[in-house]
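Participant: What follows is a structure written as structure tokens; I'll ask about it next.
The values are calculated or read from the model by the stated rules, or taken from the named source; none is laboratory data. Worth saying up front: this structure is predicted, and the values here are computed from it rather than measured. Note that each Cβ is placed from the backbone with ideal geometry, even for glycine, and that neighbours are counted across all protein chains shown.
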Amino acid sequence: MSRFESRWVSLFNHKSKTVLAAVCLAALPCSNSLAAASYPGSLPAAGGELPTLAPMLQEVLPSVVNISARGKAKTENPLADSPLFNDPQFRRFFGVPDMPEYREAQSLGSGVIIDAGHGYVITNAHVVKGAEEITVGLANEKEAKASVVGIDEETDLAVLQIKGEEKLKALPISDSDKLRVGDYVVAIGNPFGLHQTVTSGIVSALGRSGIGEADRFEDYIQTDASINPGNSGGALVNLRGELVGINSAILSQSGGNIGIGFAIPVNIVKQVMSQIIQYGKVDRGRLGVIVQNLTPELSKALGLTVNKGVVVTKVQPGSAAEQAGIKTEDVIVSINGKKVDSYRELRNTIGLLRIDDALSLEVIRNGTRQTFQTKVGQTPAEEEVAITPQNESSLDPRLAGAVFAEADGKGMQVRDLQPGSPAAYAGLRRGDIITAINRRPVHTTEEFRKLVKGVGDGNLLLTIQRGQGVMYLLLH
């Protein structure tokens, strides 16, 4: 037996029952299909049959549907605001045809049957937003009309309902928190209108954010399983045939797959879906804090012993955080036992809980870990803003280009700022109010000058009020 053949055999004689993907070797034929599964029906059968995902897919495919949504979209006209173009005599003289304000629009996507008994289907919000008529194509080639139960644009999820259809099959749901980078996954959907298409790959990364719109709740699963236009709302499943995510977005300059696709974790889907089914919408809770991400430099300046978490820069009056006893300069490191390393993680965790849900906040205060109990509150969303410091610099020569003035006893305000100056490069903006230097309050010009002079060449930690928010700016 050659060394290539012995390598092939060893793949199938491993102690685990999971059959690994076939490895392309120089002396053996190679396929780009995923020849791997822990699903019982996918193991190689007697007689030398090749490993396959077909048995698992036979169980899964009936739960994935195609969605066609029809509606009206506003006609885009680049000359719509032109006075000349809108002049009736001009249009009549030159024979400019009238353009309708709205046009017929159709979107194609995918969906997953979550509850067969009630006919609930989960899909992406952008697939059905503004739809007047939604048709669901089932795996048995039947079509059914669907109604919208509710839409949550902040997570890009929507719940539909099919009525009057029997023999629907729901897809089993997994725990997406147990996913690991390198786990095999299969994407199923309706790419480019091609019904029931299956692609395979692995989990490339977890916890991806900043992919879509800034105000969305994002904690994406990244995968190299091919996801293309039309896959939106389709299923991302593991090799047991369990739903782990809802395909939602791709990163591509051409609009087609380049191996970077994103899916919404099913644990987020479950939380959103339960609220939509019960209330028809998602009521987001708020903690009532303004925070910024903790960096190693900021941690050192604040005298902390941790480098991960979020620093509280302001506590909203009457908020859940204030009721719990949270204070400025506290570092929140976990919520309900779940680690919090960034503002986005805090926002996702709080925003996906229901109002009045119990909260257990683990906080580091003055070097000591403390736990505070409260309930999710209803602080207005616009009051809770993530603030991230920009490039850091310093006062004296380092803040050259800024003009300061007293701000009615509240601190020193940046009244003018020269673009491209050291102060601008440091991250200061016109209108910023410096309320403290190295955590010592500033009220007057005299205090400001004294504190800055006392720092010398050392680091300068500025506490800044910017609009309704508060942030730290560390100047080296």
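Participant: When you check residue 462 against the structure, is it outside the structural domain of residue 300 (by TED's automatic domain parsing), in a helix (DSSP H, G or I) and out of contact with any helix residue (DSSP H, G or I) (no Cβ under 7 Å at 6 or more places or on another chain), yes or no?
Facilitator: Details: outside the structural domain of residue 300 (by TED's automatic domain parsing): yes; in a helix (DSSP H, G or I): no; out of contact with any helix residue (DSSP H, G or I) (no Cβ under 7 Å at 6 or more places or on another chain): yes.
The answer is no for residue 462.
Participant: OK, next. If I go through the stretch 335-381 residue by residue, how many of them are in contact with an Asp or Glu (Cβ under 6 Å, 6 or more places away or on another chain) and surrounded by 19 or more Cβ atoms within 10 Å (Cβ to Cβ)? It would help to see each step written out before you state the result.
Facilitator: First, the residues of the stretch 335-381 that are in contact with an Asp or Glu (Cβ under 6 Å, 6 or more places away or on another chain): 348, 355, 363, 365, 371, 375-376.
Add one more test, that the residue is surrounded by 19 or more Cβ atoms within 10 Å (Cβ to Cβ), and what stays is 348, 363, 376.
The total comes to 3.
Participant: Identify all residues within the stretch 122-156 that are at pLDDT 90 or above, under 16 Å from residue 61 (Cα atoms) and acidic (Asp, Glu); write none if there are none.
Facilitator: Listed by number, the list is empty, since nothing qualifies.
Participant: Being of a type in the set (S, T, N, Q), closer than 19 Å to residue 263 by Cα and part of a strand (DSSP E or B), is that true of even one residue in the stretch 118-130?
Facilitator: Within the stretch 118-130, the subset of a type in the set (S, T, N, Q) is 123-124.
Narrowing further to those that are closer than 19 Å to residue 263 by Cα: 123-124.
Remaining after also requiring part of a strand (DSSP E or B): 123.
Scanning the stretch 118-130 turns up at least one residue that is of a type in the set (S, T, N, Q), closer than 19 Å to residue 263 by Cα and part of a strand (DSSP E or B).
Participant: I've got another one for you. Residue by residue through the stretch 428-459, note down the ones that are under 40 Å from the mean Cα position of the chain (by Cα) and in a loop (DSSP other than H, G, I, E, B).
Facilitator: At the first step, the residues of the stretch 428-459 found to be under 40 Å from the mean Cα position of the chain (by Cα) are 428-442, 458-459.
Correct list: 428, 429, 430, 431, 432, 438, 439, 442, 458, 459.
Participant: Give the stretch 404-429 a look and list any residue that's surrounded by 13 or more Cβ atoms within 10 Å (Cβ to Cβ) and either closer than 17 Å to residue 468 by Cα or touching an Asp or Glu at 6+ places or on another chain (Cβ under 8 Å) (or both), or say none.
Facilitator: 407, 410, 411, 412, 413, 414, 426, 427, 428, 429
Participant: Quick one: is residue 170 in a loop (DSSP other than H, G, I, E, B) and closer than 16 Å to residue 61 by Cα? Steps first, answer last, please.
Facilitator: Values: in a loop (DSSP other than H, G, I, E, B): yes; closer than 16 Å to residue 61 by Cα: yes.
Against the criterion (in a loop (DSSP other than H, G, I, E, B) and closer than 16 Å to residue 61 by Cα), residue 170 qualifies.
Participant: Select from the stretch 197-238 the residues that are of a type in the set (A, V, I, L, M, F, W, C), part of a loop (DSSP other than H, G, I, E, B) and out of contact with any Lys or Arg (no Cβ under 8 Å at 6 or more places or on another chain) and write down the one among them that is modelled with the highest pLDDT.
Facilitator: 225
Participant: Of all residues in the stretch 162-190, count the ones that are surrounded by fewer than 18 Cβ atoms within 10 Å (Cβ to Cβ), without any contact (Cβ under 8 Å) to a residue 60 or more places away in the chain and not small (Gly, Ala, Ser). Working first, answer last.
Facilitator: We begin by selecting, within the stretch 162-190, every residue surrounded by fewer than 18 Cβ atoms within 10 Å (Cβ to Cβ); these are 163-167, 169, 172-173, 175, 177-178, 180-183.
Then drop every residue that is not without any contact (Cβ under 8 Å) to a residue 60 or more places away in the chain, which leaves 163-167, 178, 180-183.
So of that shortlist, the ones also not small (Gly, Ala, Ser) come out as 163, 165-167, 178, 180-181, 183.
Selection size over the stretch 162-190: 8.
Participant: Would you check which residues across the stretch 309-328 are surrounded by 16 or more Cβ atoms within 10 Å (Cβ to Cβ) and assigned to a loop (DSSP other than H, G, I, E, B) and list them? Please lay out each step first, then the result.
Facilitator: As a first pass, look at the stretch 309-328 and keep what is surrounded by 16 or more Cβ atoms within 10 Å (Cβ to Cβ): 309-316, 319-322, 324, 326.
309, 316, 319, 326 - these are the residues of the stretch 309-328 that are surrounded by 16 or more Cβ atoms within 10 Å (Cβ to Cβ) and assigned to a loop (DSSP other than H, G, I, E, B).
Participant: Considering only the stretch 431-441, I want to know if a residue exists there that is modelled with pLDDT under 80 and surrounded by fewer than 18 Cβ atoms within 10 Å (Cβ to Cβ).
Facilitator: Filtering the stretch 431-441 down to residues modelled with pLDDT under 80 leaves none.
Within the stretch 431-441, not a single residue is modelled with pLDDT under 80 and surrounded by fewer than 18 Cβ atoms within 10 Å (Cβ to Cβ).
Participant: So which of 290, 276, 268 is farther than 21 Å from residue 61 by Cα, of a type in the set (Val, Ile, Thr), out of contact with any strand residue (DSSP E or B) (no Cβ under 6 Å at 6 or more places or on another chain) and not in a loop (DSSP other than H, G, I, E, B)?
Facilitator: 268
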